[in-house]
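Below is one structure, written out as structure tokens; comments come after it.
Just so you know, all these numbers are worked out from the coordinates, no wet-lab data involved. A quick note: this is a predicted structure, and the numbers were derived from the prediction, not measured. Quick reminder, even Gly has a Cβ in these numbers, built from the backbone with ideal geometry, and neighbours come from all protein chains shown.
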Amino acid sequence: MKRHLMMAAIGALCIGLFCSLPALNHAQAQGKRAVPAAEKITVINPMGTPPPITAKAMAEPLSTLDGKTLYLVNTGFPNTERLMEEYKKWFQANYPKTTIVDQRTGMSNLTPALKKELQEKADAVIFALGH
């Protein structure tokens, strides 16, 4: 019995909701007024137009790390110090002929000097960016 009453109540609510929608739309339409030309505004998208993107091919993988210079660049994200230390230990144990260079920079501050150094001296770079 209670189930039938509950189903009837839900049905009545749904019917009432759907029947009242046209009345709401009609009331809104009656309340609308034409917007005078002086009140019209122009909206400009603040996102702008993004510049075209030029895809670049990935660098060819190194055939070996022996005799190469590997830079470990730590951006200072929390706990990356431990990660970079583990990387350093692993590379020293597994690639003893590889030169490992530790660098530290700010989270969003890759300085022009460091960028130039990486381009000139690094054969490979691992950045600790965090998550």
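Could you give the length gained by full extension between Thr69 and Ile10, i.e. 0.36 nm per residue of separation minus their alpha carbon distance, to one decimal place?
Contour length minus Cα-Cα distance gives 14.0 nm.
Lys89 to Ile41: extension gain in nm, 0.36 nm per residue of separation minus the Cα-Cα distance? Intermediate results must be reported in sequence, preceding the final value.
On the way: separation 48, 0.36 × 48 = 17.28 nm, distance 6.32 nm.
Result for the pair: 11.0 nm of gain on full extension.
Provide the gained length on full extension for the span Lys116 to Glu81, in nm with one decimal, where the gain is 0.36 nm per separating residue minus the Cα-Cα distance.
Working: separation 35, 0.36 × 35 = 12.60 nm, distance 2.32 nm.
The span from Lys116 to Glu81 would gain 10.3 nm if fully extended.
In a simple Cβ point-charge model (Lys, Arg +1; Asp, Glu -1; nothing else charged), region 69-128 has a dipole of about 40 debye relative to its Cα centre.
Each peptide in 54-62, 67-75, 115-123 receives the mean, over its residues, of other Cβ atoms within 10 Å, and ordering these scores from highest gives 67-75, 115-123, 54-62.
Quick check on region 69-128: take the gyration tensor over C-alpha atoms, sort the square-rooted eigenvalues as a ≥ b ≥ c, and tell me if it's rounded (a/c under 1.5), prolate or oblate. Let's see the in-between values first.
Values: a/c = 3.44, a/b = 1.18, b/c = 2.91.
Judged from the Cα gyration tensor, region 69-128 comes out oblate (a/c at least 1.5, b/c at or above a/b).
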